[in-house]
Every structure is written in structure tokens, then in C-alpha cells.
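Trainee: Please see the structure below; I have some questions.
The values are calculated or read from the model by the stated rules, or taken from the named source; none is laboratory data. Values in this document were obtained by computation on a predicted structure and should not be read as measured data. Using ideal geometry, Cβ is built from the backbone for each residue, glycine included, and neighbour counts are taken over all protein chains shown. Accessible surface areas use protein heavy atoms only, side chains included; no ligands, DNA or RNA. Shrake-Rupley method; radii C 1.70, N 1.55, O 1.52, S 1.80 Å.
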Amino acid sequence: MKHTSTLFLFLLIACFSCAQKITSEKSKPFTYTTEVVVPELNIPWGFTFLPDNSILITEKSGELIHFKDGKKTKIAGMPAVTVRGQGGLLDIELHPNYKENNFIYFTYASAEGTERGVNTALMRAVFKDGVLSNQKVLYKAAPNSRKGQHFGSRIAFDSKNRIYFSVGDRGNRDVNPQDITRDCGKIYRLNDDGTIPKDNPFVGVANAKEAIFTYGNRNPQGMETNPFTGEIWAHEHGPKGGDEINIIKKGKNYGWPVISYGINYSGTKFTDITVKEGMEQPLHYWDPSIAPSGMAFVNSDKYPTWQGNVLVGSLKFKYIANCYLENGKVVREEKILQDLGRVRAIEQGIDGYLYVGIEGLGIVKIIPN
């Protein structure tokens, strides 16, 4: 009996020591260094990795850049891109079956249309052997506007290869977002060829823009498919306060500008309510605003203490909000990559490392120590 008790005590001490070691490892600060892998970029609005680990980069000025073997090549054959205020060449994504079809998708400010001004367009093209071809506009928001704000725009794909893309309210706050017969202030869903899915929420609704998937959105500049749940997550700029993270659900109204946790830039109120029946509450919001741009989930084993986190770039404060999640909620944040510059885009590369597009600097790799 004495030997049994001694053995039990030994095992208990060993288990306690092991638990302490695990807790200690988890509590250690995660440290990293950064390396500029693509230098001398002005406003790298979006970027995506090709199967050979080269990178396609959109410069807001209208240039599509292919970075391969340390060399930047400007790709010919791009559509006319209008740079107006916040508009220009915006996001870019590969088709999930890019290896088979070579399709790329990008959004940009386009002047096509009968009205003066511009609005956000989505284009599909073939990119093969460094050449762009078979360009096709899949969607063009209307009408054009001469205003310079709130173009959106991010792109994501779901498990059925349907494409989601965002268009901001174009500065027409009180008209566009809550009206499903009008473009802007929306997130759209299309089949990968530009046709409208038959089960889109407003198919068959009189005068509705049938490509709309959600409405009441202000200016979403972050959107990613959650690799753990398959849900589409998005974040959007609030006014002064009230930047939001949302899970995008079919046909839902995200409230702008009827409900908001923000106020006018002048300090006055435009709404007295933050909650209303039939309108979605954000999963998380920031007050004061961080001016979010770019978004990525971490599911790489390169960053064990960050696995499951969602990263959101801040244009205003020049850092990444590293958001820790529990049960689908943000439970805490830490600031990483501080003071390198305005964070515009974030991607997890096919090599498992995290890459960040920073204005005036380039694309930076986060390297764990």
C-alpha cells in the first residue's frame, strides 16, 4: 500500500509539473521579426499568391504587378482604372481552381456608364504565363458618382466557388444602404461566371438588385472565409467610432445608417439607437475607430499561439489588431506590427507565413523567432 501511495504521489507531481510547463509555454510572449519581401510599393491595396509562390499585387494607382524571383513586372491589359479619392485598383483574388482555369478576379473604380463619375466594378480575367487575357466585367455598380469615398472593396470565395465582393455606400449614406433596389452599401454574391445564384435572397423581388447578398453595410474593406467554419467574415469602416466585424449571413440587414456605435465626424449624432429588430448586431466593434483594412485568419502552425485568431489591419493607428477568439467572439486584442505604416492588406501565404501590405513600404513577412 505504501508503494502504491508513493507511486500515486509521484504521478500526481509529474502531471502537475507537466501542466505547469504547458501553461508556462502558452504564457510566454510570442516574438517575431519582420522582413520586407516586396519593397517600394505605394498603396498595395490587395495581393494574392500564385501556386508558384509568386505574388500578384494591386497598386491603387491602377497597376497590376507580378512579383517573381525578386523582380516586379507591370502586367499589360488592365482595364481603365479611375483614381478618385478612395477609389482606384482595389482587391484581387484567385479562383479556388486557379491551377485548372487561371482565373483571377479584381475590383476597381470604373467610369463605364452614362453618368459622370465612377463606381466599383468586378472583373474576371485569365492570367497565364505572365499575360492577362479574356477580361470580362462581371458586375458594375450603378449609378456612377463623382464622390470620392466608400468604394469598398474586398473579395472572397465560399466552398461552392461563389464569389462575394463588397461595394461601399459611395458617400450616399441616407439613400443607398437600406434600399435593395439600389447598388452600394452592399455585399454581393455571384457565381464564378458572373451569373446570379438562384438562391440569392432577393431573386424575384420586384426591382431588387438580385446580386445583393447583404445590405446596410457602410464600407467593407476586409472580407475572408473563416477556414474553421466556412463562414464569410467581413469588417467595415464606421464613421467616428463603430468600425465593425460581422459574420455575413444571407439577406441580412447590417443596420447602416439606422443603427451604429459611431457618430458624425463633426461630433454630432446621426442616430440615437444601436439596436433595432431586424438588424444585425456586430460580432465586435471599435470605438474609437481604427480604420480597418485587410483581414486574415491564422490557421498556420507557424504561429502556434495565434492559431484561430483573426487579424485586422489599422490604417489610422498603423498596426494590426490581433484578435483572439473564443466561441466565435473576440475576447481580447493585442497590437502587433506597430508603426511600420498604414496596414492595407493581410494574407496568409501558401507557405504558412503571414504577409502584410503596408503603404509606402511594401509587403512584409512576419517571421516567428
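Trainee: For VAL175 paired with TYR324, estimate the spin-label separation in nm (one decimal), with each label point 7 Å from Cα along the Cα-to-Cβ line.
Mentor: Result: 4.7 nm between the two label points.
Trainee: While we're here: What Rg and what Dmax come out for region 131-173 when only alpha-carbon atoms are used, in angstroms?
Mentor: Rg and Dmax of region 131-173, Cα atoms, are 13.3, 40 Å.
Trainee: Which entries in the list LYS72/LYS128; LYS269/LYS316; LYS250/LYS365; LYS198/LYS329; LYS276/LYS318; LYS160/LYS250 go over 25 Å, if you measure between the two C-alpha atoms of each?
Mentor: Too far apart for the 25 Å limit: LYS250/LYS365; LYS198/LYS329; LYS276/LYS318.
Trainee: So what is the relative contact order of region 267-340, in percent, for Cα pairs below 8 Å that sit 6 or more residues apart?
Mentor: Contact order relative to length: 21 percent.
Trainee: Continuing with the same structure: Just the C-alpha atoms of region 155-254: what Rg/Rh do they give, with Rh taken as the Kirkwood radius?
Mentor: Using only Cα positions, Rg/Rh for region 155-254 is 0.95.
Trainee: Taking the Cα centre of the chain as the origin and placing charges on Cβ (Lys, Arg +1; Asp, Glu -1), which of ALA111, GLY87, ILE263 is farthest toward the positive end of the dipole?
Mentor: About the Cα centre, the residue reaching furthest to the positive side is ILE263.
Trainee: Additional query: May I ask for the angle, rounded to the nearest 10°, between helix 2-27 and the longest principal axis of the chain, with both axes built from Cα atoms and the value confined to 0 to 90°?
Mentor: Long axis of 2-27 versus the principal axis of the chain: about 30 degrees.
Trainee: Find the accessible area per residue for the chain; the probe is 1.4 Å, ligands and nucleic acids are left out, and the unit is Å².
Mentor: Accessible area per residue: 46 Å².
Trainee: For labels at ASN264 and ILE350 in the simple 7 Å Cα→Cβ model, what's the distance in nm?
Mentor: About 5.1 nm, to one decimal.
Trainee: Tell me, rounded to the nearest percent, the portion of alpha carbon pairs in region 47-114 spaced more than 18 Å apart.
Mentor: For region 47-114, the fraction of Cα-Cα distances above 18 Å is 40 percent.
Trainee: Cα extents of region 80-134 along the three principal axes, largest first, in whole Å?
Mentor: That works out to 39, 19, 17 Å along the principal axes.
Trainee: Would you mind listing how long region 43-187 runs along its three principal axes, going by Cα atoms, in whole Å with the largest first?
Mentor: 48, 32, 23
Trainee: Let me ask something additional. Mind checking the dipole of region 77-236: about its Cα centre, +1 per Lys or Arg Cβ, -1 per Asp or Glu Cβ, Debye to the nearest 20?
Mentor: 400
Trainee: Right, next: Please give me the summed charge of the neighbours of PRO220: other residues whose Cβ is under 12 Å from its Cβ, Lys and Arg +1, Asp and Glu -1.
Mentor: -3
Trainee: With r defined as the distance between the Cβ atoms of VAL331 and VAL83 and R0 fixed at 35 Å, what FRET efficiency is calculated, to the nearest 0.05?
Mentor: With R0 = 35 Å, the Cβ-Cβ based efficiency is 0.30.
Trainee: Next question, about the same structure. Hey, could you pull the Cα Rg and Dmax for the chain, both in Å?
Mentor: That works out to 22.3, 93 Å for Rg and Dmax.
Trainee: Calculate what fraction, in whole %, of the accessible area of the chain sits on carbon and sulfur atoms when a 1.4 Å probe is rolled over the protein chains.
Mentor: Using a 1.4 Å probe with all protein chains present, the chain comes out at 51 percent carbon and sulfur.
Trainee: If r is the Cβ-Cβ distance from ARG146 to ASP339 and R0 is 41 Å, what FRET efficiency results, to the nearest 0.05?
Mentor: The pair ARG146/ASP339 has a calculated efficiency of 0.70.
Trainee: Once phi is turned into θ = phi - 60°, what whole-Hz ³J(HN,Hα) does the Karplus curve with 6.51, -1.76 and 1.60 give for every residue of region 151-168, x standing for Gly and Pro?
Mentor: Coupling constants for region 151-168: 8, x, 7, 10, 10, 8, 10, 9, 5, 9, 6, 7, 9, 10, 8, 10, 10, x Hz.
Trainee: OK, next. Run the numbers on the chain and let me know its relative contact order in percent, using alpha-carbon pairs under 8 Å that are six or more apart.
Mentor: Across the chain, relative contact order equals 13 percent.
Trainee: In region 262-339, what is the volume of the convex hull around the alpha carbon atoms, normalised per residue and reported in Å³?
Mentor: Value for region 262-339: 120 Å³ per residue.
Trainee: Still on this model: Can you give the Rg/Rh ratio of region 307-369, where Rg is from the C-alpha atoms and Rh is the Kirkwood radius?
Mentor: Radius of gyration over Kirkwood radius for region 307-369 works out to 0.97.
Trainee: Return an integer: the convex hull volume of the alpha-carbon atoms of region 210-369, in Å³ per residue.
Mentor: Each residue corresponds to 133 Å³ of Cα convex hull volume.
Trainee: Further question: Go ahead and run the numbers for FRET between ASN53 and LYS250, Cβ-Cβ distance against an R0 of 45 Å, rounding to 0.05.
Mentor: 0.80
Trainee: Also: Taking only C-alpha pairs under 8 Å that are 6+ residues apart, what is the relative contact order of region 187-245 in percent?
Mentor: 22
Trainee: I would also like to ask the following. Using the Cα gyration tensor of region 67-106, with a ≥ b ≥ c the square roots of its eigenvalues, what is the shape: rounded (a/c below 1.5), prolate (a/b larger than b/c) or oblate (neither)?
Mentor: oblate
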